[in-house]
Structure formats: structure tokens, C-alpha cells
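These notes concern the structure reproduced below.
The values are calculated or read from the model by the stated rules, or taken from the named source; none is laboratory data. Quantities reported herein were computed from a predicted structural model and do not represent experimental measurements. Cβ coordinates were reconstructed from backbone atoms using ideal geometry, including for glycine residues, and neighbour counts include every protein chain displayed. Please note that ligands, DNA and RNA were not included when accessible areas were found on the heavy atoms of the full protein model with its side chains. Shrake-Rupley method; radii C 1.70, N 1.55, O 1.52, S 1.80 Å.
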Amino acid sequence: MRKSLLFFALLINSALFAQNCVFTTTSGPSGAVNFQPNSMWSAAIYSWDFGDGSSGLSMGLITHTYNAMGPFVVCMTAVDSMTGGTCTYCDSV
């Protein structure tokens, strides 16, 4: 019974993690863009593909500077280090 409850708790946590798998952007000067994950999970690690051939890792806010006009398709993959749950979200900037 205890294993079932733990599995159920991890399943709910993973589902909530996936629902919050989005990011917002704000533009700065000279092509700089701030990417902020909207996740409430402090244990998440984010892998970024900025759509221009470059990538990055963060535990929250990350800034990337583009050298050309877009649009670019940016993908964020989040991994919850507590549960191992993953999600990917892509959007154009």
C-alpha cells in the first residue's frame, strides 16, 4: 500500500510538472532575450535550444543574444531532479 501511495504521489507531481512546462520572454537591448521558465519547481534543470544553433543550461532565468533577426523556434526541456519527470516546450521568438 505504501508503495502505491508513493507511486501515486510521484505520478501527480509529474503531471503537475508537465502542466507548468512553459516559458515567457522579455526582450532587451541589442538582440538579448530573457527566457524565464514558468515552473514552480525549484529542483528543475532546464536545457535550452535557442533555435540559432546555440544552446544552454539553467536552473531558472537565462539570457541569450541573437545575432540576426528571427523568428527562432526556442525549445526548453525541463527535468525535475526530484522525480525524474521531464517535459519539453517550444515557442517562436
Check: Checking GLY51 against (1) at positive phi; (2) assigned to a strand (DSSP E or B), which test does it fail?
Finding: (2)
Checklist line | the range 15-36 - residue that is modelled with pLDDT of 80 or more and open to solvent by 70 Å² or more (accessible area, probe 1.4 Å) and, of those, nearest to the chain's Cα centre (by Cα) | finding: GLN36
Note to self: Out of everything in the range 62-78 that is of a type in the set (A, V, I, L, M) and surrounded by fewer than 15 Cβ atoms within 10 Å (Cβ to Cβ), what residue ends up being nearest to SER92 (Cα to Cα)?
What the structure shows: VAL73
Next item on the list: Can you give me the number of residues within the range 37-61 that are more than 10 Å from the chain's Cα centre (by Cα), surrounded by 15 or more Cβ atoms within 10 Å (Cβ to Cβ) and either among the β-branched types (Val, Ile, Thr) or within 18 Å of SER27 (Cβ to Cβ) (or both)?
Entry: 3
Next item on the list: State all residues of the range 54-93 that are among the polar types (S, T, N, Q) and in a loop (DSSP other than H, G, I, E, B); if no residue qualifies, say none.
Entry: SER54, ASN67, SER81, THR83
Next item on the list: Would you mind stating whether SER81 is out of contact with any Phe, Trp or Tyr (no Cβ under 8 Å at 6 or more places or on another chain) and open to solvent by less than 50 Å² (accessible area, probe 1.4 Å)?
Entry: no
